[in-house]
Amino acid sequence: MITWLRQHRRTFGLTLTRLAGNPLATLLNVMVIGVALALPLGGYLLLQNLGSVTRQLTGNPQVSLFLAPEAGKADIAALEARLKQIPGVRAARFIPREQALEGLKRSENTADVIATLQVNPLPDAFVLETGGSAAELERLEPELKALPKIAHVQFDSAWVKRLETLIELSRTAVLILATLLAFGLIAVTFNTIRLQILTQKDEIEVSKLIGATDAFIRRPFFHLGLIQGALGGLAALAIVYLCRLILNRSILALAQLYGSDFRLGFFGFSDCLALLVFAAFLGWLGAYMSVSRHLADIEPK
Amino acid sequence: MISFSQVRKSYRGGHEALAELSFSIETGELVFITGRSGAGKSTLLKLIPAIERPTSGTVLVNGQNIGSMRRPAIPYLRRNLGLIFQDQKLLYDRSAFDNVMLPLAFTGHAHKDAARRVRAALDKVGLLAREKANPITLSGGEQQRLCIARAVVNRPSILLADEPTASLDSASAAEVMEMFRSFNQVGVTVLIATHDEALVQRLNPRVLVLKQGRLAS
């Protein structure tokens, strides 16, 4: 066990030295893997941020209830009492038709039109504050529609739902992209290891002749794939982080126009760690496949 | 220690390198295998470390049957053998010291212990002063001695050498032969394939003469 650990440590050090000894090739390989991983990673970061924005927006979805014209004061009071008992409705604000008309009159765009009106065409209305998702609103819908003296129920969540669906779609696209590029990463490692095996052909042959086990000969290549994958993952994180810094400058300027201080967040520590582990695993997998395929070809003659 | 019985080895394409070969070598013997090029000397030597497997017949090394040996067992067989090649097979990307260190890398010796053994082996072949040199800067005789140091660093019980003096001048060749004799004197079984008859006669050892894959007596 101690021997095994010692050999791993020695191999690890040797592999690092080897990588450092050929900085240009190492850098290029790491960059290829880094860029390949950065694409889906960046997409994932954008989606994560968009997701949190929509959650904020949908935090208090509103529902407007327009009352039938014949609804009287007693009906309104009864409705208000009932609305407050419906689970999922946080607050119900009554907006009388006169107040709604005043609001339109104050608005520059509609003031002229409103002035020509003989009678007030607007109904009385309730604006409901609800807590919860689009799905919950859907559940509320039939219940609200069944209330007496209600002419129309309007949800303002339709576009939010569309956005959520769009994000879901993009998520699938990112997942497909990530899968494809993961194969790319495996292929890159496969090829690097193949070249490395060819470079060390003499050493492998001599090692086999003097009694090295297959496990011993394979080990440095596994280390190489693992380290290269992890470095690639690190490069991907750095690329995405830099892109985010650059984007945030523009986003902040845009957000300020809307009176918001929104900016792109970054991954947490565990997400970063998960990515590194995943990248290292893919590197190892590429190395494993390459070693299984190419090492047997080198037999002493 | 090493025993061949009815060994036949034919390569793909029908070329028969060894035929009906039977002999045995006891522990501590010094044996030469001579014969013209193509007589099967190299093939015979390759059968012992399982680089080649016999087509039929039995090759026993330390009681292990080479023909039926499973792949994972082969490295452990080879660790008990010291192999010396005509083309040395040294690695030119590292020092003489690191070349000799190679067999100890996978046996789990502590670094300090391994380094001591490497220096002892280099000392035995007279290359201790050149331990930091790259093998490419060594002369032909020195390279062959370095190959010997690498073969003995693991203290094998059997040394196998395939044409170890082929590319050496007569003085270096005599030196190398003297080295084999001194290893044999401390109990190592030594098996040397060579076509240099003059060198063989001087040592007066047991000689196996191969002719077209058979023993000629």
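The values are calculated or read from the model by the stated rules, or taken from the named source; none is laboratory data. Keep in mind that this is a model prediction, so the values were computed, not measured. Every residue, glycine among them, receives a Cβ derived from its backbone with ideal geometry; neighbour counts consider all protein chains shown.
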When you scan region A:18-26, do you find a residue that is within 14 Å of chain B (Cβ to nearest Cβ) and in a helix (DSSP H, G or I), even just one? yes
Taking the stated definitions as given, is B:ARG53 part of a loop (DSSP other than H, G, I, E, B), among the charged types (D, E, K, R) and either at pLDDT below 90 or crowded, with 22+ Cβ neighbours inside 10 Å (or both)? no
Suppose we filter B:VAL125, B:VAL118 for residues that are within 19 Å of B:ASP169 (Cα to Cα) and buried (at least 18 other Cβ atoms within 10 Å of the Cβ); which single one remains? B:VAL125
All-but-one check, B:PHE32 against (1) surrounded by 14 or more Cβ atoms within 10 Å (Cβ to Cβ); (2) modelled with pLDDT of 90 or more; (3) not in a strand (DSSP E or B), failing number (3)
Exactly one of A:LEU247, A:LEU285, A:LEU264, A:LEU295 is in contact (Cβ under 8 Å) with a residue 24 or more places away in the chain, under 21 Å from A:LEU47 (Cα atoms) and of a type outside the set (Val, Ile, Thr), and that residue is A:LEU264
How many of the residues making up region A:216-243 are of a type in the set (Gly, Ala, Ser) and surrounded by fewer than 20 Cβ atoms within 10 Å (Cβ to Cβ)? 1
Among the listed residues A:LYS145, A:LYS149, A:LYS161, A:LYS201, identify the single one that is closer than 30 Å to A:PRO23 by Cβ and surrounded by fewer than 20 Cβ atoms within 10 Å (Cβ to Cβ). A:LYS201
Filter region A:253-277 down to the residues that are outside any loop (DSSP other than H, G, I, E, B) and out of contact with any Gly (no Cβ under 7 Å at 6 or more places or on another chain) and list them by number. A:ALA253, A:LEU254, A:ALA255, A:GLN256, A:LEU257, A:PHE269, A:SER270, A:ASP271, A:CYS272, A:LEU273, A:ALA274, A:VAL277
Look at B:LEU60 and say whether it is assigned to a strand (DSSP E or B), in the same structural domain as B:LEU210 (by TED's automatic domain parsing), out of contact with any helix residue (DSSP H, G or I) (no Cβ under 8 Å at 6 or more places or on another chain) and surrounded by 15 or more Cβ atoms within 10 Å (Cβ to Cβ). yes
Could you grab the pairs with beta carbons closer than 9 Å, sequence gap of 6+ or different chains, first residue in region A:208-225 and of a type in the set (S, T, N, Q), second one at pLDDT below 90 and part of a loop (DSSP other than H, G, I, E, B)? A:THR213/B:PHE106
What about B:PRO54, is it facing chain A (nearest Cβ under 8 Å), touching a helix residue (DSSP H, G or I) at 6+ places or on another chain (Cβ under 7 Å), farther than 30 Å from B:ALA129 by Cα and not aromatic (Phe, Trp, Tyr)? no
The lone condition B:SER24 fails out of (1) assigned to a strand (DSSP E or B); (2) more than 11 Å from chain A (Cβ to nearest Cβ); (3) surrounded by 18 or more Cβ atoms within 10 Å (Cβ to Cβ) is (3)
